[in-house]
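One structure below.
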Amino acid sequence: MSSENKSKIFVARNIPDAGLDLIRGACDADIWLEPLPPSRDVLLEAIAGCEGVISLLTERVDSEFFEAAGQQLKVVSNYAVGFNNIDVAEATRRGIRVGNTPGVLTDATADMAFTLLIATARRIVEAADYVRNGEWKTWEPRGHIGMDLCNKTIGIVGMGRIGFAMAKRCRGGWGMDVLYHDQFQNEDAETQLAARRVDLDTLLSESDFVSVHVDLNETTTGMFDAGAFERMKSTAIFINSARGPLHVGQDLFDALASGKIFAAGLDVTDPEPILDNDPLLSLPNCLVVPHIASGTVSSRNGMAEIAANNLLAGLADQPLPCWVNPEVDGSP
Ligand code: DGY
């Protein structure tokens, strides 16, 4: 088939071949290969006339985006499980299908949340820096004392797939009690992990560690603010592997710097990348990594495959395998 007969699509970054191989032959594909995302202007120009786009968290998909693409746009396939970068209501209003990539990154993300927990509890980065800086002179009976993990209480905010996977690690491996806060009851968590659903205040005050796994939306933005950190134990550790704007950076800094809480582990920040002069980076008890929770081979390949299959289904006016707005029906 000549490229004239193929759907014009734009892929906003060099995603794994597991996905690109599925679409290269089937579409007239323009793939952005630069390490940094396209600027807004370049993006809006690149999507003009496209029937499909594979977007990332870095692309704001809103009215301006849809206008720039044009009326032939059928599908936006997000290379992520989260889709807070997309105005889904606007996409739905325009009859544009939106896809995401759930499931394949659940374990990788829970592993990262747990990695951040154990690393902050045992002050691993501080200790490694101590060695690198040549400060290690002897075995220190009172040096580098961290927190125990076994038999503590984990508080999971958002008991969806990833929250459940994190709770499972904490319960199964470390014998922790599990508290959770969620708008929905999770019976599997209650029966398999003896999890107890509580209100947020109870979770914050009774948990030794708090790990957040909710979507970012108008209700959850800034939910971890000074008031939330105030309620937590002074020995508590806060883990965010979901979205940066769920916590208020300045309030987290104040809580960590004043010893209101013990430590924080962040895979996500606001903005991303975090600014070089963000005060959180000056704290020994704040561990920040660059949004890498889904960064394993199987997870990223799985995301690429799903994103490609969502795109191809959308181009064919078919239901998407992972469809965020199924209320956009199958009719062209
Ligand atoms: C997601 O998928 O939403 C992650 O944040 C990136 O993998």
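Values quoted throughout were computed directly from the atomic coordinates according to the rules given, and no laboratory measurement underlies them. This one's a predicted model, so the numbers in the text were calculated from it and none came from an experiment. Because the Cβ atoms are built from the backbone with ideal geometry, glycine has one as well, and the counts that use them run over all protein chains shown.
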Point to revise | the chain: angle of helix 297-315 to the longest principal axis, Cα-based, in degrees nearest 10 | key: 30
Revision key, fill the gap. Env charge @ GLY158, Cβ radius under 9 Å, K,R +1 / D,E -1, value -2
Point to revise | Rg over Rh, two decimals, the chain (C-alpha only, Kirkwood Rh) | key: 1.02
Check your understanding: Rg to Rh ratio, the stretch 106-288, alpha-carbon atoms and Kirkwood radius?
Key -> 0.97
Point to revise | Charge-dipole axis of the chain as Lys and Arg at +1 and Asp and Glu at -1 on Cβ define it, positive-most pick from GLY146, LEU116, PRO271 | key: GLY146
Exercise for review: Note down the Stokes-Einstein diffusion coefficient of the stretch 1-146 in µm²/s, whole number, using a Kirkwood radius over alpha carbon pairs, 10 °C, and 1.306 mPa s.
Suggested key: 87
**Study point:** Kirkwood Rh and Cα Rg combined as Rg over Rh, evaluated for the stretch 115-161
**Key:** 1.13
Check your understanding: Measuring from label point to label point, each 7 Å out along Cα→Cβ, what is the LEU56 to GLU126 span in nm?
Key -> 3.4
Review point. Tally Lys and Arg at +1 and Asp and Glu at -1 over the other residues with C-beta under 14 Å from the C-beta of GLU206: what net charge comes out?
Key: +1
**Study point:** the stretch 164-221: proportion of alpha-carbon pairs further apart than 14 angstrom, %
**Key:** 55
Check your understanding: Taking trypsin sites (Lys or Arg not before Pro) that fall in a DSSP loop and have at most 10 other Cβ atoms within 10 Å as cut points, what is the longest piece of the chain between them?
Key -> 143-332
Exercise for review: Over the Cα atoms of the stretch 69-163, compute the convex hull volume and normalise it per residue, giving Å³.
Suggested key: 157
Study note, to complete from the structure: Across 10 Å bins beginning at 0, the whole-percent shares of Cα-Cα pair distances in the stretch 78-123 come to 23, 32, 23, 15, 6, 0
Check your understanding: Could you give the radius of gyration (one decimal) and Dmax (whole number) of the Cα atoms in the stretch 162-262, in Å?
Key -> 13.4, 39
Practice item. Subtracting the Cα-Cα distance from 0.36 nm times the residue separation, let me have the gained length for TRP174 to ARG94 in nm, one decimal. Key: 24.0 nm
Revision key, fill the gap. Taking Lys and Arg as +1 and Asp and Glu as -1, residues besides ARG13 with C-beta under 10 Å from its C-beta add up to -2
Exercise for review: Please tell me the relative contact order of the stretch 106-288 in percent, rounded to the nearest whole number, where contacts are Cα pairs under 8 Å and at least six residues apart.
Suggested key: 21
Review point. If you put +1 on each Lys and Arg Cβ and -1 on each Asp and Glu Cβ, how big is the dipole of the stretch 92-176 around its Cα centre, in Debye rounded to 20?
Key: 540
